[in-house]
Amino acid sequence: MAKIIDGKQSAAAVTDIVTQAAAKLEAEAGVKPGLAVVIVGDNPASHSYVGAKGRMAKQCGFNSMQYTLPEDTTQDTLENLVEKLNADPAVHGILVQLPLPGHLNSEPVIQSIRPEKDVDGLNVVNAGKVASGDLASGLVSCTPAGAMILVRNEHGADLSGLNAVVIGRSNLFGKPMGLLLLAANATVTMAHSRTKDLAAVCRQADILVAAVGRPLMVKADWVKPGATVIDVGINRVDAPEKGEGKTRLVGDVAFDECLDVAGVITPVPGGVGPMTIAMLMANTVVAAYRSLGRPIPTF
Ligand code: GUN
């Protein structure tokens, strides 16, 4: 049976470093790291994620700011808010929660965030640094950065000789994850909905990372025996066994059956999810340190 990775424990190790670094910055420079999270509309899942981010920011000793805008917010209003936050020296990190309501265009909003405050790592400057192998001077997207820490905990920093398959090619996760694995010397395949015989491709993976948003898609016979399986999916599905109208969270991996085949596997919830929030805190404290010209903590 596979070892189950405890993402909460790994996340706590990161947030401990963040909390100490934040306390040091406040004691020595009188500056609290400031994280501004912007949410537009009423998406319940987004509100729940944003609430968790705000609570963790406070727990780390940050100045946590949440801007909740109504569903009918205009593109101009949103972009003006980002400009205001860009100019505010007390704000070191800006995150605009995605997805935005359908009438808004997220790309210009994301690209208008100053790269040094782009704690999501989605600005082309930060994404380009990851693509060119510069993992030191920018900000790396939180979920892939967190997933990489879990991979590093199992395999060390050098993945030479290992095959990694990432299912999913989003800017938020799949692309940067593939690039981070490549930077760590893995041999990387980025698979997606148009990949031929996805199961056979996945069976080649020593490290299999699933980020497709399809509940329980990865089956036991997709997994190479002994592989490390990282499940990035968070899908809410009906759970009639818990009572009428009840739901539960599942990943993109059929966890119960893959447990018998994998060497190591992340659960959902409690795997990659806590790492995402921890890395958001890490990016924010790094942004605050850089804004003061201080050497940054490492994670
Ligand atoms: N929505 C789901 N995950 C994320 C994330 O990591 N960042 C932002 N901005 N929105 C998200």
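The values are calculated or read from the model by the stated rules, or taken from the named source; none is laboratory data. The shown structure was predicted, so the numbers you read here are calculated from the model rather than taken from an experiment. All Cβ positions, even for glycine, are placed from backbone atoms using ideal geometry, and neighbour counts span all protein chains on display. Heads up: the accessible areas ignore ligands, DNA and RNA and are worked out on the full protein's heavy atoms, side chains in. Shrake-Rupley method; radii C 1.70, N 1.55, O 1.52, S 1.80 Å.
Scanning segment 127-140 for residues that are among the aliphatic types (A, V, I, L, M), farther than 15 Å from I113 by Cα and either within 16 Å of the ligand (Cβ to nearest atom) or outside any helix (DSSP H, G or I) (or both) yields a total of 3. Only one of the numbered conditions (1) crowded, with 20+ Cβ neighbours inside 10 Å; (2) within 16 Å of the ligand (Cβ to nearest atom) is not met by V165, and that is (2). T143 satisfies every condition listed in (1) open to solvent by less than 10 Å² (accessible area, probe 1.4 Å); (2) within 12 Å of the ligand (Cβ to nearest atom) except (1). For L95, the requirement of being within 14 Å of the ligand (Cβ to nearest atom) and under 24 Å from V140 (Cβ atoms) is met. Scanning segment 31-47 for residues that are away from the ligand (no atom under 15 Å from the Cβ) and open to solvent by less than 10 Å² (accessible area, probe 1.4 Å) turns up P33, G34. With respect to L85, determine if the residue is outside any loop (DSSP other than H, G, I, E, B), out of contact with any Ser or Thr (no Cβ under 9 Å at 6 or more places or on another chain) and buried (at least 17 other Cβ atoms within 10 Å of the Cβ). For L85, the condition - outside any loop (DSSP other than H, G, I, E, B), out of contact with any Ser or Thr (no Cβ under 9 Å at 6 or more places or on another chain) and buried (at least 17 other Cβ atoms within 10 Å of the Cβ) - is met.
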